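Asker: Quick one: structure below, then a few questions.
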């Protein structure tokens, strides 16, 4: 049984699951699906072709499923899909996709969106992602699982961010970030690995040491990028963590790969955010 406050507005056609709480002054559009066990505290706006997964909690003044902020959007029935058990705090905004991409913006499970964060059109956000206050994603951004965004960080459209990466606060991201990388700076550069994140996920000292070796070989040693990549791929062929980095780089994208700020002569590359 769902509890809908008398001051909420739920359009005919909206699909509301079991045990859903919809607080006062929430506005739910006709093409919205709310999964079982969700809680909308108050003043939540959900519109468009939007699906919210089970047991997601949404705080006041979040606005989900509004049209993409794109001059190329032509008014089509594009979608927003949000996974299960997400925590969406005050003032968060998420847009639907555009006709010129896959037509859907996707968010995984167990994500935490803090106050004022934004997911732009056609983004694909993995599971267990954390976006701190006012972190924003431009359109067409791809984010792997377990990524952490610091407050006021901003990601350029079409950027790829690999699994387990961390972006420091007030960092501008204009290039792809390798899995487990740590980016920092007004125009973000790699400053080593997200070691704390790796430890929190239970990776061993041995795992992290091998990743550090691979990172140095990829970014801090002499030679061409192609030769360094092939050497690392051969040396760490049986290491699943390093293989994720190699595969990510080989897959490529429309944005360049983020580089490390240290040179081989300077050393470093073991930052722990």
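The values are calculated or read from the model by the stated rules, or taken from the named source; none is laboratory data. Bear in mind that the values here come from a model prediction, so they are computed numbers and not experimental data. As a convention, Cβ positions derive from the backbone with ideal geometry for all residues, glycine included, and neighbour counts pool all protein chains shown.
Asker: Condition test on residue 70, is it buried (at least 19 other Cβ atoms within 10 Å of the Cβ) and more than 22 Å from residue 18 (Cβ to Cβ)? Talk me through it step by step, then tell me what you get.
Answerer: On the way: buried (at least 19 other Cβ atoms within 10 Å of the Cβ): yes; more than 22 Å from residue 18 (Cβ to Cβ): yes.
Taking the combined requirement at face value, the residue satisfies it.
Asker: Taking the range 9-22 as the region of interest, how many residues are in a loop (DSSP other than H, G, I, E, B) and surrounded by fewer than 19 Cβ atoms within 10 Å (Cβ to Cβ)?
Answerer: Step one: of the range 9-22, the residues in a loop (DSSP other than H, G, I, E, B) are 11-14, 17-20.
If we keep only those that are surrounded by fewer than 19 Cβ atoms within 10 Å (Cβ to Cβ) too, we end up with 11-14, 17-19.
Looking only at that region, the number is 7.
Asker: Quick one: residue 152 ticks every box in (1) touching a strand residue (DSSP E or B) at 6+ places or on another chain (Cβ under 6 Å); (2) surrounded by fewer than 24 Cβ atoms within 10 Å (Cβ to Cβ); (3) farther than 17 Å from residue 127 by Cα bar one, so which box is it?
Answerer: So residue 152 meets the others, but not (1).
Asker: Would you mind finding the one in 200, 205 that is surrounded by fewer than 15 Cβ atoms within 10 Å (Cβ to Cβ), within 17 Å of residue 144 (Cα to Cα) and without any contact (Cβ under 8 Å) to a residue 24 or more places away in the chain?
Answerer: Numbers: 205 fails: within 17 Å of residue 144 (Cα to Cα).
Answer to the selection: 200.
Asker: With farther than 20 Å from residue 2 by Cβ and not in a loop (DSSP other than H, G, I, E, B) as the only criterion, which of 81, 71 stands out?
Answerer: Values: 71 fails: not in a loop (DSSP other than H, G, I, E, B).
One residue alone meets the criteria, 81.
Asker: Of the conditions (1) farther than 16 Å from residue 149 by Cα; (2) modelled with pLDDT of 95 or more, residue 88 clears all except one; give me its number.
Answerer: Here residue 88 clears every test but (1).
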